[in-house]
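Everything on this sheet refers to the single structure shown next.
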């Protein structure tokens with residue numbers, strides 16, 4: 001996410017909104033900042049030595065705001081939901097929502113947005129990577145996520161989210177979270193970009209096909225079952241050029257969350273376009 005230069009008046013407005021207790025994730029999206037520090041630096045700039053007291057006041061005021069996921073309000077919520085649908089889980093005690101990723105930048109982005117610290121899970125073997133875990137607690141959060149399909153032991157029974165009409169405009173960012181969680185973008189044998197999403201739940205696979213075709217208006221979406229050592233996976237995707245273009249313009253329109261996947265899809269798309277142009 002790129003840095004956005006603000007005018008002096010905009011900075012003052014940002015600082016006042018932060019102190020009033022508006023959630024950091026909302027301010028990050030509104031002002032296009034990647035980290036919480038970008039915001040607190042503005043507080044320090046305008047209030048000097050008193051800035052620490054103001055940051056503490058903001059924390060107190062923010063106690064009235066807590067992450068309950070009553071509905072999808074912005075791209076951040078939609079993206080987070082997509083990741084929870086694929087890689088998220090409800091903890092054993094049933095009051096926490098967990099997400100483990102190897103992409104530190106993505107977990108850090110979510111951590112800053114929600115206002116919760118993440119933990120590092122150290123690798124055990126030399127060929128493994130560290131994983132980063134974000135746990136968000138709250139019975140209300142867990143209960144609200146049920147409407148979206150995020151429930152205990154959902155691997156084989158996951159269903160698509162039941163979206164409100166006003167939430168459907170955020171579908172592209174739900175799909176982006178899903179691809180970042182359990183999807184791939186790669187070139188075909190002739191270099192054209194293709195994308196695939198993998199799931200063990202046929203109900204979720206059917207939901208994906210419906211959403212991609214009827215809400216993102218894609219064509220030639222394929223759904224196949226592949227046997228593997230864990231019973232098998234449903235594979236949903238397409239190599240249609242217009243479908244990839246829609247992903248680029250609607251879902252991957254800016255740096256956001258997992259940088260690795262963002263660069264991957266755009267590089268694959270650009271490489272193919274450049275080679276086709278050169279060939280012609």
Exercise for the section: Being within 19 Å of the chain's Cα centre (by Cα) and either part of a loop (DSSP other than H, G, I, E, B) or over 20 Å from residue 171 (Cβ atoms) (or both) is the filter here, so list the residues in region 231-265 that pass it. Expected result: 252, 253, 254, 255, 256, 257, 258, 259, 260, 263, 264
Exercise for the section: Would you check if residue 129 is more than 14 Å from residue 87 (Cβ to Cβ) and not in a loop (DSSP other than H, G, I, E, B)? Expected result: no
Practice task
Give region 128-186 a look and list any residue that's surrounded by 21 or more Cβ atoms within 10 Å (Cβ to Cβ) and modelled with pLDDT under 95, or say none.
Solution key: 132, 134, 136, 142, 185
Exercise for the section: Restrict the check to region 107-123 and report whether at least one residue is in a loop (DSSP other than H, G, I, E, B), modelled with pLDDT under 80 and over 30 Å from residue 168 (Cα atoms). Expected result: yes
Handout entry: region 16-38, residues that are in contact with a helix residue (DSSP H, G or I) (Cβ under 6 Å, 6 or more places away or on another chain) and at positive phi
Key = 21
Practice task
Name the residue, out of 273, 243, that is within 27 Å of residue 105 (Cβ to Cβ), crowded, with 18+ Cβ neighbours inside 10 Å and without any contact (Cβ under 8 Å) to a residue 60 or more places away in the chain.
Solution key: 243
Exercise for the section: Given the conditions (1) under 28 Å from residue 98 (Cβ atoms); (2) surrounded by 15 or more Cβ atoms within 10 Å (Cβ to Cβ); (3) out of contact with any strand residue (DSSP E or B) (no Cβ under 9 Å at 6 or more places or on another chain); (4) modelled with pLDDT of 95 or more, report the number of the one that residue 198 does not fulfil. Expected result: (3)
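The values are calculated or read from the model by the stated rules, or taken from the named source; none is laboratory data. For clarity, every value in this text was computed on a predicted model and none was experimentally measured. Neighbour counts run over all protein chains shown; Cβ positions are idealised from the backbone, glycine included.
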